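The values are calculated or read from the model by the stated rules, or taken from the named source; none is laboratory data. Owing to the predicted nature of the structure, the values given are computational and were not obtained by experimental measurement. Cβ atoms come from the backbone with ideal geometry, glycine included; neighbour counts cover every protein chain shown.
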Amino acid sequence: MINSQGKAVAVVIGATSKWQADGRNTRLVVGAAVDDGDVPVSARWGVGGAIAQKFAQEGFFVVMTTRAAANAAGLAQAIADQGGAGMVVELDLASQPSIATAFQQIRRDAGNPEVLIYNAGYLEGRALPPEQELLEFFPVEMFETALDISCRGPFLVAKEVLPAMRRRGRGSFMFSNNPMSLRGQKRHTGESLYYPRVMMRALAQALTEEYSEHGVHVANVIIDGGIDSPGTRGHPQMRREALIDPARIAEAFHYLHTQDPSCWSHEIQLTPSVNKPRF
């Protein structure tokens with residue numbers, strides 16, 4: 001659907017990052033908010049922010065969802081400064097009423113999405129001390145967060161946008177995922193909290209089976225590596241040369257959306273050259 005500005009609509013679920021200058025994980029690891037003045041604008045809000053900027057640059061009206069609108073104020077201003085158009089909508093993936101209300105607002109003020117990028121993530125287990133990095137120590141609340149973001153949330157979001165895409169006969173529904181959707185590997189803390197990502201990947205496969213014949217392109221993008229952002233630049237375990245440029249990730253998502261229906265990619269994996277891919 002084209003909105004009043006004559007632009008197709010792209011919705012980014014999770015347009016901000018816990019690793020942005022004042023993000024939750026930045027404060028946790030660094031101890032305080034950081035100065036992002038030397039970070040490229042494309043990397044200041046992580047993958048979601050880079051995707052929002054890319055689609056705005058390509059002429060879309062971009063809807064940026066986040067749990068608190070203030071988190072995306074800088075991103076929205078950056079898009080406006082670049083000549084793009086968009087809006088910020090508050091959305092809590094743990095709340096079905098919040099999701100329903102958010103999409104009512106999106107349909108009313110922007111229109112039905114041509115593109116939906118599901119970029120929500122979590123790092124709940126990373127806040128635990130090293131001696132409590134096993135499943136037996138994880139509170140059930142952490143597991144519920146993982147389920148809300150990786151399973152229930154995408155199901156509810158899909159129900160909000162896929163009917164209009166099916167009726168229109170076109171659209172893109174894309175997932176931002178990680179290697180834990182492929183297999184469990186002990187490379188970070190809290191890995192057993194990430195197996196719901198497997199269900200996100202399975203949902204992408206199921207939606208491909210159900211909706212590709214209706215013209216809807218469903219894709220699962222596995223981001224295999226650390227992502228450049230204000231917070232990860234100061235992380236003691238992150239090597240700068242191994243960080244992925246989020247602007248390049250955004251280009252991959254836009255490429256998927258522009259693929260010809262005769263040759264759709266369902267899944268791609270993005271890995272920096274200095275790392276070995278995790279299969």
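Details
- Qualifying positions in the stretch 1-36 - within 25 Å of residue 93 (Cα to Cα) and either in a helix (DSSP H, G or I) or among the charged types (D, E, K, R) (or both): 18, 22, 24, 25, 26, 27, 28, 29
- The one condition from (1) surrounded by fewer than 19 Cβ atoms within 10 Å (Cβ to Cβ); (2) of a type outside the set (Lys, Arg); (3) modelled with pLDDT under 95 that residue 268 does not meet is (3).
- Scanning the stretch 28-61 for residues that are touching a helix residue (DSSP H, G or I) at 6+ places or on another chain (Cβ under 7 Å) and of a type in the set (D, E, K, R) returns 36, 44, 54, 58.
- Residue in the stretch 211-220 that is farther than 24 Å from residue 92 by Cβ and at pLDDT below 85 present: no
- Among the candidates 34, 47, 12, 63, the residue that is among the β-branched types (Val, Ile, Thr), over 16 Å from the mean Cα position of the chain (by Cα) and closer than 26 Å to residue 122 by Cβ is uniquely 34.
- One residue stands out in the stretch 75-87 among those that are free of Cβ contacts under 8 Å to residues at least 40 places away in the same chain and not in a loop (DSSP other than H, G, I, E, B): the one that is surrounded by the most Cβ atoms within 10 Å (Cβ to Cβ), namely 86.
- Residue ID - modelled with the highest pLDDT, chosen from residues in the stretch 129-171 that are crowded, with 17+ Cβ neighbours inside 10 Å and over 25 Å from residue 91 (Cα atoms): 138
- Pairs meeting the criteria (first residue in the stretch 37-48 and assigned to a loop (DSSP other than H, G, I, E, B), second residue of a type in the set (Val, Ile, Thr), beta carbons under 7 Å, at least 6 apart or on different chains) are 45/16.
- Filtering the stretch 43-68 to residues that are surrounded by fewer than 18 Cβ atoms within 10 Å (Cβ to Cβ) and of a type outside the set (Asp, Glu) leaves 57, 59, 67, 68.
- Scanning the stretch 103-120 for residues that are within 19 Å of residue 17 (Cβ to Cβ) and outside any loop (DSSP other than H, G, I, E, B) yields 116, 117, 118.
- Top-ranked residue in the stretch 234-256 [being out of contact with any helix residue (DSSP H, G or I) (no Cβ under 8 Å at 6 or more places or on another chain) and under 13 Å from residue 55 (Cβ atoms); ranked as surrounded by the most Cβ atoms within 10 Å (Cβ to Cβ)]: 256
- Every pair of residues 6+ apart whose Cβ atoms lie under 7 Å, when the first sits in the stretch 136-154 and is closer than 14 Å to residue 200 by Cβ while the second is of a type in the set (D, E, K, R) and at pLDDT 90 or above: 150/197
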